[in-house]
Amino acid sequence: MQGRLGRRPLLGAIASTLVTHAATAQAEWRPDRPVRMIVPSGPGSGADVIARALAAKLADLLGQSVVVDNQNQGVGAVGIMAAAWARPDGQTLMCSISSILLAPLVDPNLTYDVRQFQPVSQLHQAATVLIVPPQVPARTLAEFLTLARATPERFTIADYGHGTASHVNAALLIKRAGLATDIVHYSNTPGIIRDLVADHIRCAIVDSASGMQPIRDRMVHALAVSGRQRLGVIGEIPTFGEQGFAGFEPAPWQSMFLPLNTPPAIAGVIEKAVRQAVAAPDFSARLRGLGFEPVGGSAEELAAMLALGTRHLAGSDRRNRDTAGMNEDFITVAGCRDAGAARRQRSVPALAAWCRRGRALDAGLRAAGGALRRHRAGAARLRAQ
């Protein structure tokens, strides 16, 4: 009897140890093969540069290489949908800029939704900046609006892409300031700066990261910055709100996402790794050097930011007619000088078919990989015999 009683504490201790080990194993999930990081932006873009620097950090933290996969076709829709359809096993990440939230607002043909993804962490926060070349005699937003209202044909507003934060804020400025000007879409900010300096265009809304150095070099003058408060790296520039135009909230950011329904044990490991990478002094310094404010927030904080942004941009507060009609107003001005927009409109069925083929290809590759692993296992067993 005494022996039996003595075994009970021992069995309990063993059971407790096994549970603890199981919980530890679950908490310490690690990828078992290279991780794919989908970036719905082009190679060499600011988002791509940051994603690659982050991939190198994550490789050290996760113990597997992280391979950046640029998929910017269809205004990034191809990459975004590929990430949405990926297996929720931690082997596929998506590092996206704010257009994942903004682009469907200005283009109703884009059917994806940021709620199709599991938030991981916001990497950084930036801002959009209204800039003019030195030959434009405006040094405040009020002076600029006076000139733009007098000669709207000379003040077409350039932005750095359809569905981006600069596009949204350009459309918002036209609406709220009562301008009769148009919007022209560029593919990147350097092209905008070149045309500003050459006096081909006279104003633009660009991202703070790309515009910071030209502003410091006095190649262009900055008149206003988006966001609720001034951006630290260019803190001398007043916000739109300070100058009488509240509500210019859409700002560039970059965040990490996972496919929906990724298990918490996996998502927790990836979130921890991403936050550690962003908090690293060298990575934070690099972000600030590029004109970004490091964030590295939690998944819950990113989810709250996205929910707030969705409500604001969709015009959930119907008392504010500027935001309530925002969708229609943006669609009206969205393609006024962008021939590529018409091509994108016509290519939506082809894009959908392309995405379906990509999903089938992914399934085929997974099946081929499984067959290869079985072949290798069989060969190993033969060698062992």
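I'd like to check something: does the range 263-281 contain any residue that is closer than 21 Å to HIS167 by Cα and part of a helix (DSSP H, G or I)?
Scanning the range 263-281 turns up no residue that is closer than 21 Å to HIS167 by Cα and part of a helix (DSSP H, G or I).
Filtered by the rule that a residue be among the charged types (D, E, K, R) and out of contact with any strand residue (DSSP E or B) (no Cβ under 6 Å at 6 or more places or on another chain), the range 272-309 gives LYS272, ASP282, ARG286, ARG288, GLU300, GLU301. Quick one: is SER65 crowded, with 19+ Cβ neighbours inside 10 Å and touching a residue at least 24 places away in the same chain (Cβ under 8 Å)? Here the answer is no, as SER65 does not meet what is asked.
Of all residues in the range 34-53, those being in contact (Cβ under 8 Å) with a residue 40 or more places away in the chain and within 18 Å of LEU287 (Cα to Cα) number 9. Tell me which residues, restricted to the range 165-184, are surrounded by 23 or more Cβ atoms within 10 Å (Cβ to Cβ) and in a strand (DSSP E or B). Matches in the range 165-184: ILE183 only.
Within the range 297-310, residues that are outside the structural domain of ALA165 (by TED's automatic domain parsing) have Cβ atoms under 9 Å from residues that are surrounded by fewer than 18 Cβ atoms within 10 Å (Cβ to Cβ) and at pLDDT 90 or above in these pairs: ALA299/GLY268, counting only partners at least 6 apart in sequence or on another chain.
In the condition set (1) surrounded by fewer than 23 Cβ atoms within 10 Å (Cβ to Cβ); (2) of a type outside the set (Phe, Trp, Tyr); (3) over 23 Å from VAL39 (Cβ atoms), CYS203 is compliant with all but (1).
Report whether or not GLY44 is within 20 Å of THR164 (Cβ to Cβ), out of contact with any Lys or Arg (no Cβ under 8 Å at 6 or more places or on another chain) and surrounded by 17 or more Cβ atoms within 10 Å (Cβ to Cβ). Even if it seems obvious, please write down each step before you answer.
Numbers: within 20 Å of THR164 (Cβ to Cβ): yes; out of contact with any Lys or Arg (no Cβ under 8 Å at 6 or more places or on another chain): yes; surrounded by 17 or more Cβ atoms within 10 Å (Cβ to Cβ): no.
For GLY44, the condition - within 20 Å of THR164 (Cβ to Cβ), out of contact with any Lys or Arg (no Cβ under 8 Å at 6 or more places or on another chain) and surrounded by 17 or more Cβ atoms within 10 Å (Cβ to Cβ) - is not met.
The residues of the range 114-160 that are in a loop (DSSP other than H, G, I, E, B), surrounded by fewer than 24 Cβ atoms within 10 Å (Cβ to Cβ) and under 28 Å from the mean Cα position of the chain (by Cα) amount to a single one, THR156. Is at least one residue of the range 211-231 in the same structural domain as HIS162 (by TED's automatic domain parsing), under 21 Å from the mean Cα position of the chain (by Cα), surrounded by fewer than 20 Cβ atoms within 10 Å (Cβ to Cβ) and closer than 24 Å to ALA53 by Cα? No, because not a single residue in the range 211-231 is in the same structural domain as HIS162 (by TED's automatic domain parsing), under 21 Å from the mean Cα position of the chain (by Cα), surrounded by fewer than 20 Cβ atoms within 10 Å (Cβ to Cβ) and closer than 24 Å to ALA53 by Cα. The single condition among (1) part of a helix (DSSP H, G or I); (2) modelled with pLDDT under 90; (3) farther than 20 Å from LEU145 by Cβ that PRO214 does not meet is (2). The residues of the range 232-262 that are outside any helix (DSSP H, G or I) and aliphatic (A, V, I, L, M), listed by number, are ILE237, ALA246, ALA251, MET256, LEU258, LEU260.
The values are calculated or read from the model by the stated rules, or taken from the named source; none is laboratory data. Keep in mind the model is a prediction, meaning the values are calculated, not measured. No Cβ is skipped: glycine too gets one built from the backbone with ideal geometry, and neighbour counts run over all protein chains shown.
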